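Here the structure comes first, spelled out in structure tokens, and everything after it is commentary.
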Amino acid sequence: MVAFHLAFAVTDLAATRRFYLDVLGCGLGREDRENDPPRWIDFDFYGHQISAHLVDGALAPSETNPVDGDAVPARHFGAVLSWEGWHILSERLRASGIPFLIEPHIRFAGQVGEQATFFLRDPSGNALEFKSFKDPSRLFARG
């Protein structure tokens, strides 16, 4: 298995911890034990390591690009889930009242890149996209 690592800035480590553990269901990785208060925490993000690093001050909002009628944040990360897993997560988030930046929907219907997608923001304003392909072999297919 090859896993990716992503480090990203956050403004509130405690709120980030709660969001990634309790809302998204990520596993807990290592945590900063050298600084008080702690400055970073790792999460198991669907089998990949992401590291939230505490920064002082507000994060600048990301620019957007128009994609299929939506203003998609140019800077975002996320996960490609199974079709069933995507629906389970989107329904659980909707039931818990988590606001969506872009509501769950099917993008590029009938095209090579047809996918289910939604966007949300973490407590620091980082944009996350969760998507799924009905046909997983189309993940890198070109039109």
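The values are calculated or read from the model by the stated rules, or taken from the named source; none is laboratory data. A quick note: this is a predicted structure, and the numbers were derived from the prediction, not measured. No Cβ is skipped: glycine too gets one built from the backbone with ideal geometry, and neighbour counts run over all protein chains shown. Quick note on the areas: whole protein, heavy atoms, side chains included, nothing else; ligands and nucleic acids left out. Shrake-Rupley method; radii C 1.70, N 1.55, O 1.52, S 1.80 Å.
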### Query
Roughly how much of Ile98 is accessible, in Å² to the nearest 10, using a 1.4 Å probe?
40 Å²
#### Entry: Mean-position separation - Cα centroids, the range 1-18 and the range 116-143, in angstrom
17 Å
### Task
Would you mind calculating the gained length between Ala14 and Phe77 on full extension (0.36 nm times residue separation, minus the Cα-Cα distance), in nm to one decimal?
20.7 nm
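Taking the range 61-104, which trypsin sites (Lys or Arg not before Pro) meet the DSSP loop condition and have no more than 14 other C-beta atoms within 10 Å?
When the trypsin sites (Lys or Arg not before Pro) of the range 61-104 are filtered for loop state and at most 14 Cβ neighbours within 10 Å, Arg75 remain.
With a Förster radius of 25 Å, plug the Cβ-Cβ distance of Asp68 and Phe140 into 1/(1 + (r/R0)^6) and report the FRET value to the nearest 0.05.
On the way: r = 18 Å, r/R0 = 0.73.
FRET efficiency, Asp68 to Phe140: 0.85.
Per residue, how much accessible area does the chain have with a 1.4 Å probe, in Å²? Write down the numbers at each step before the final one.
Working: 8370 Å² over 143 residues.
That works out to 59 Å² for each residue.
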### Task
Calculate, axis by axis, the spread of Cα positions in the chain along the three principal axes, and write the results as whole Å, longest axis first.
52, 33, 31
### Message
Please list 3J(HN,Hα) in residue order for the range 33-39, calculated via the Karplus relation 6.51 cos²θ - 1.76 cosθ + 1.60 where θ = phi - 60°; whole Hz, with x for glycine and proline.
### Response
10, 9, 10, 10, x, x, 10
### Cleavage-rule hits (trypsin sites (Lys or Arg not before Pro)) in the range 98-140: DSSP loop, at most 13 neighbouring Cβ within 10 angstrom
Lys134
### With Cα atoms, 0 to 90° folded angle of helix 83-95 axis to the chain main axis
60 degrees
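Pick out, in residue order, every one of the chymotrypsin sites (Phe, Trp or Tyr not before Pro) in the range 3-99 that is DSSP loop and has at most 12 other C-beta atoms within 10 Å; say none if there are none.
Details: sites: Phe4, Phe8, Phe19, Tyr20, Trp40, Phe43, Phe45, Tyr46, Phe77, Trp83, Trp86; in loops: Phe4, Tyr46.
In loop regions of the range 3-99 (DSSP not H, G, I, E or B), the sparsely surrounded chymotrypsin sites (Phe, Trp or Tyr not before Pro) are Phe4.
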